[in-house]
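Comments concern the structure below.
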Amino acid sequence: MKRWALLAIVLTVAALAALPAAAQAPAKDTLTVALVSHPPTMDPHMHFERVGILVNINMFDSLLHRNPKLEFEPSLATSWKALTDTQWEFKIRKGVKFHNGETLTPDDVKYSFDRVIDQTKKSPQYGNIRAIKEVRVVSPDTVHIITDKPFPLLLERLAFFPIVPKKHIETVGDQAFGTTSPVGTGPWKFVEWKRDQLIRLEAFDQHWRGKPPFKHLIFRAIPEIATQVAEIKTGGVDIIRNVPADLMPELKTHPQAYISSAPILRVHYLALDMRSTPFDKKAARQAANYAIDKPTIIQKLMAGLGTQTATTVQPLAFGFDPSFKPYAYDVKKAKELLTQAGYPNGVDITMHSAYIEFRPVFEAICQMLTEAGLRTTPKMWDPGPAWNKFLQGEGKATNGYYGSWGNYSVFDADALLHPLYHTEPGGWIGKWYARVEGLDKLIDEARSTVDQPRRKRTYTQIQQMIREEAPSIFLWTQYDTLAISKKVQYAARGDEWLWLFDTKPAGK
């Protein structure tokens, strides 16, 4: 067995041996979900972390919703239609209550968009909707959304764009709204947040969909994956995510749990810092791509629940071009390219990650890079504010970092290309790491026309460009793999949501 594979198993076994006692089992009317961390804020407009989205979607509603078949259906908007290529009309559901008792109005819808569009607020979601020029209230139940150009992603973006209460936020302020006083219209309302411990929600009985299936909903922060596994076995939690491959067989047959998985948009990659050596040279970036044995990692460390990709554009996203082939595993080729880049004796680099669910994968990748001459020092960070500041806020993850991107559950290549590779404005990763000449222009072109064949051609051009220039190490897509208590009925979704309104107590 290869050294990196043995290391991954040893790490997991050692973690299991050091487990603390499991928490007391929750009551029957309580649903408890384990997350590796909590978001930096409860304000749904002020972060872009998946752990936060999973909490926010159960507290806040958006104009549109996706059902389990991933089809759009009405939510806070009962209907919608395009009036022109740049203007859409949305009818707002009447009688919807916020958790504080206020009634939702079109003014709240307009306010929600305005606070993200306002760049002084520094919302990290600005790039998602920067094509929206204005939201106009035209009647007590109607708003118009006007874009500066045709915006083919509008409906995709609105499936997760939480609507927040204007009067409440103006009263309590942005900081309190994000910490002690978040208010939405979703199935559960906020009770308390013990940072890095638990977020406690309670059923909102006035929710327009009806009564939620569980009275209490708790999101526990449990960074150690082995601890999460122990908790699902003993009843301390009801749902965990990203089950390790070596523990999956045991959980599939465990008397207290079962596994549910679904292919999702999430793609893994290593962003390479093109601003400095050695990855300012294309040959070095290509060498890094040849250095990783991706099929073996998928089989050995991910239970085969992944698909290797030629670029970071995922097969489930509009614009994916299957004609491009992934980089092969070729250590000899990697060393030749390193020599071509000016490093015949190899080079020392550092790679960063806070992706603790996939730490064994990260360790394996770093070992493979080292064996190909890119002598890699792995730097693991705790997920949370410090990592986010280091990565997105200051762009200091030299020489690169390992992460994944879930597209905000938007089934279009733009949802990955813009944040990862667009340098400004709104490109959260690209503005620091990517430096591919001409790429910004192509990304802007693809998101500024409703001509889908034209967009598809542009995306093909983009994929050809990024595969050649290799601003990232292109890895694979993954499955959303959940371990679920047998006390709960639920199934993994293709959009990576935990839409817990669809859960049911076992036997119901």
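The values are calculated or read from the model by the stated rules, or taken from the named source; none is laboratory data. Values in this document were obtained by computation on a predicted structure and should not be read as measured data. Cβ sites come from the backbone with ideal geometry, for glycine too, and all protein chains shown count toward neighbours. Ligands, DNA and RNA are stripped out before the accessible areas are found, and what is left, the full protein with its side chains, is counted by its heavy atoms. Shrake-Rupley method; radii C 1.70, N 1.55, O 1.52, S 1.80 Å.
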Practice item. Being open to solvent by 40 Å² or more (accessible area, probe 1.4 Å) and touching a residue at least 12 places away in the same chain (Cβ under 8 Å) narrows it down to one of Tyr290, Tyr327, Tyr355, so name that one. Key: Tyr290
**Study point:** Residue pairs meeting the criteria (Cβ under 7 Å; at least 6 apart or on separate chains; first under 18 Å from Pro223 (Cβ atoms), in segment 384-407; second of a type in the set (Val, Ile, Thr) and at pLDDT 90 or above)
**Key:** Tyr402/Ile365; Ser404/Val267
Review point. Restricting to helices (runs of 4 or more DSSP H) lying wholly in segment 368-473: which have 2 or more residues that are crowded, with 16+ Cβ neighbours inside 10 Å and of a type in the set (Lys, Arg)?
Key: 452-469
Check your understanding: Which pairs have Cβ atoms under 9 Å, sit 6 or more apart or on different chains, and link a residue in segment 479-490 that is among the acidic types (Asp, Glu) to one that is part of a strand (DSSP E or B) and surrounded by 19 or more Cβ atoms within 10 Å (Cβ to Cβ)?
Key -> Asp480/Arg241; Asp480/Ile264; Asp480/Arg266
Practice item. Sort out which residues of segment 293-316 are touching a Leu at 6+ places or on another chain (Cβ under 7 Å), open to solvent by less than 10 Å² (accessible area, probe 1.4 Å) and either more than 24 Å from Val243 (Cα to Cα) or of a type outside the set (S, T, N, Q) (or both), and write them in order of number. Key: Lys294, Val313
Review point. Just to be sure, is Thr503 among the polar types (S, T, N, Q), in contact with a Phe, Trp or Tyr (Cβ under 6 Å, 6 or more places away or on another chain) and over 26 Å from Tyr401 (Cβ atoms)?
Key: yes
Check your understanding: Does Leu265 fit the bill of being aliphatic (A, V, I, L, M), open to solvent by less than 20 Å² (accessible area, probe 1.4 Å) and either part of a loop (DSSP other than H, G, I, E, B) or farther than 30 Å from His99 by Cα (or both)?
Key -> yes
